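> Pasting a structure here, questions to come.
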Amino acid sequence: QVQLVESGGGLVQPGGSLRLSCAASGSIFSIYAMGWYRQAPGKQRELVAVISRDSSTNYADSVKGRFTISRDNAKNTAYLQMDSLKPEDTAVYYCNAAIRVGAGTLPDAYWGQGTQVTVSS
């Protein structure tokens, strides 16, 4: 069984910063891409940032220059540093990872339970 557990969400004022963490645990053979998605009330879930195993990154235009995704492969953990936060960044943030659970398996997509980020004065 594989679990992704997010942490680090909360309430922050506009212009502030938060750092989200996503720790993968369980029967993990290897982890490929890891990403962060978000879903605001009444909106579809959208990709925020993704990082490959070799740390290549890609960002949504709305967060470029403000958010930074990183990972620690030794800890099976991904991070999302969010700076210059805006009210429109308010959403539930979900971690996603492509994980193989054995040498003879293909990667499956796993999701965390989500962590709330609220940007408000």
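The values are calculated or read from the model by the stated rules, or taken from the named source; none is laboratory data. Every value quoted in this text rests on a predicted model; they were computed, and no experiment measured them. All Cβ positions, even for glycine, are placed from backbone atoms using ideal geometry, and neighbour counts span all protein chains on display. The protein model used for the area step is the full one, side chains on, heavy atoms only, and it has no ligands, DNA or RNA in it. Shrake-Rupley method; radii C 1.70, N 1.55, O 1.52, S 1.80 Å.
> What are the residues in segment 60-78 that are surrounded by fewer than 18 Cβ atoms within 10 Å (Cβ to Cβ) and under 14 Å from the mean Cα position of the chain (by Cα), if any?
We begin by selecting, within segment 60-78, every residue surrounded by fewer than 18 Cβ atoms within 10 Å (Cβ to Cβ); these are 60-62, 64-66, 68, 70, 72-75.
A60, T68, S70, D72, listed by residue number.
> Looking only at segment 97-119, which residues are open to solvent by 60 Å² or more (accessible area, probe 1.4 Å) and over 16 Å from S52 (Cβ atoms)?
Listed by number, the residues that qualify are V101, A103, G104, L106, D108, W111, Q113, Q116.
> Name the residues in segment 21-57 that are more than 19 Å from L85 (Cβ to Cβ), buried (at least 17 other Cβ atoms within 10 Å of the Cβ) and in contact with a Phe, Trp or Tyr (Cβ under 8 Å, 6 or more places away or on another chain), would you?
Result: A24, V50.
> Being in contact (Cβ under 8 Å) with a residue 60 or more places away in the chain and either among the aliphatic types (A, V, I, L, M) or out of contact with any Gly (no Cβ under 8 Å at 6 or more places or on another chain) (or both) is the requirement here; does R38 meet it?
Numbers: in contact (Cβ under 8 Å) with a residue 60 or more places away in the chain: yes; either among the aliphatic types (A, V, I, L, M) or out of contact with any Gly (no Cβ under 8 Å at 6 or more places or on another chain) (or both): yes.
Yes; evaluated as a whole, the condition is true for this residue.
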